[in-house]
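Data block below; observations after.
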Amino acid sequence: MSTMSTTSAQSPFGIGSALSTAPGSTSSSSSANTLNANSFMTLFLAQLQNQDPTNPMQSYELAAQLAQFTTVQELSQASTLLGNLQQYTAAINNGTVTSLIGKQISAQSSTINVSSGSPSALSYTLTEPAAVAMTITNSSGATVNTLNLGAQSAGSYTVPWTGTDSTGNTVADGAYTCTVTATASDGTSSTIQTGISGQVYSCNLNNNPPTYTLSGPNGIQVQVADVYAVTGQNSTN
């Protein structure tokens, strides 16, 4: 609600100032400044009773104040309804996300998890023939190994890294990042998206965005939005 008229018809109680605080707005006195229908009518009637009889408010001013308060009330109600709708939608989305627990999925990922010296599987697909090279980096971003695979035809492949560094020694257990670069016959290079497949062990809705953990409690985490295929229920479930 906007403030009252600036003429001498203004209430001596500062009603116009009180009405300038919209319902639900934040102020230093919080709930004390919250304006509901009852408090509005109390202030509105007080204003009428205390206005200057020689210079009363015009009818259009009264109508404007009523219309503004009605608009604010409707906006406040709409905000509450939208909040409820958001919570309802979130509940539905959470139910959909968790429904994939126990199922086999494929998701975009560049992470290779080395456990007991053995790296997890990672795949990639070439849409046209290209010379392929791979760079393996550790969690600090340092290069651990580089693989030059030479020319490959279009098709799907598995990253052939065996979990060793450039000197042939087995790397420490942990998460590593694989970057695949394909160079076409015309010399142009591009980074190829890699992917991982596995059974969804758990889902963490507290992460933003939510993530799946694959193939056990210490498995690789992938974002829900990165899942591009669901291949079915695991045969052991």
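Data table
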{"item": "Phi-based couplings in Hz for region 44-49 (Karplus 6.51, -1.76, 1.60; Gly and Pro marked x)", "result": "5, 5, 4, 5, 5, 6"}
{"item": "Spread of Cα-to-Cα distances over 5 Å intervals beginning at zero, given as percent, for region 103-233", "result": "2, 10, 19, 21, 19, 16, 9, 4, 1, 0"}
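Read-outs throughout are calculated quantities, based only on the coordinates presented, and are distinct from any laboratory measurement. What you see is a predicted model, and the numbers here were worked out from it, not measured in a lab.
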